[in-house]
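Okay, so here's the structure we're looking at.
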Amino acid sequence: MVKPITSLHDRAIALLEQRGVSLEAIANLVIFLQKDYIRDLTLAQARESVQIVLRKREVQNALITGIQLDIAAEQHQLIEPLQTIVENDEGLYGVDETMALSIVDLYGSIGFTNYGYIDRLKPGILKLLNAHEPGIIHTFLDDLVGAVAAAAAARLAHGEPDEARTPDK
Ligand code: MG
């Protein structure tokens, strides 16, 4: 018997929340990135842009895959040497960043600049995700959250009014 599948979209958002990342927290990163460029940007607009980015299947797939790997690493379920690499968030690994860039890539060149910028400064929720508390692993999630914020900010920067105006796209 085939079990009913929760939509990828709902699952990705539920996983984000389960891992301590609210849409609000991502929207705040968008504000951080855009505040000098779109001065009257509201949290509601930032949040809407995040929601539009989260409707993309590529983004949902990346989130679910990355979060699954973080959880598996917390449970010591990965094969070596991957377990050690992910557990220690080793800088030269790079697959977490590659996955993040695949999200950023969906929204044009401004997204890359945005991503590099918040990845370096790690404001807001990114700082919490990078706390490296014992037993808690966010090796993939921190990059993915930064990428979703960078993509949402790039959408606003590139000005995609048509997409924004279509309520159920
Ligand atoms: Mg990482």
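Of the residues contained in segment 19-29, none is found to be more than 14 Å from the chain's Cα centre (by Cα), surrounded by 15 or more Cβ atoms within 10 Å (Cβ to Cβ), of a type outside the set (A, V, I, L, M) and part of a helix (DSSP H, G or I).
Scanning segment 102-118 for residues that are open to solvent by 30 Å² or more (accessible area, probe 1.4 Å) and under 11 Å from LEU29 (Cβ atoms) returns a single hit, TYR117. Candidates are the residues of segment 75-101 that are exposed (fewer than 14 other Cβ atoms within 10 Å of the Cβ) and assigned to a helix (DSSP H, G or I); the one that is nearest to the ligand (Cβ to nearest atom) is THR98. Please name all residue pairs, on different chains or six or more residues apart, with Cβ atoms under 8 Å, provided the first residue is in segment 84-95 and is within 17 Å of PRO134 (Cβ to Cβ) and among the hydrophobic types (A, V, I, L, M, F, W, C) and the second residue is within 11 Å of the ligand (Cβ to nearest atom) and assigned to a helix (DSSP H, G or I). Final answer for the pair search is VAL86/LEU69; VAL86/ASP70.
Tallying residues that are open to solvent by less than 60 Å² (accessible area, probe 1.4 Å) and part of a helix (DSSP H, G or I) within segment 44-64 yields 10. Test PHE140 against the stated conditions and say whether it is aromatic (Phe, Trp, Tyr), away from the ligand (no atom under 12 Å from the Cβ) and either under 24 Å from ALA27 (Cα atoms) or within 13 Å of the chain's Cα centre (by Cα) (or both). Here the answer is no, as PHE140 does not meet what is asked.
In summary, GLY146 fulfils each of the numbered conditions (1) within 16 Å of the ligand (Cβ to nearest atom); (2) at pLDDT below 95 with the single exception of condition (2).
The values are calculated or read from the model by the stated rules, or taken from the named source; none is laboratory data. All figures in this text were calculated on a predicted structure; none of them were measured in a lab. Every residue, glycine among them, receives a Cβ derived from its backbone with ideal geometry; neighbour counts consider all protein chains shown. With ligands, DNA and RNA removed, areas are computed over all heavy atoms of the protein, side chains included. Shrake-Rupley method; radii C 1.70, N 1.55, O 1.52, S 1.80 Å.
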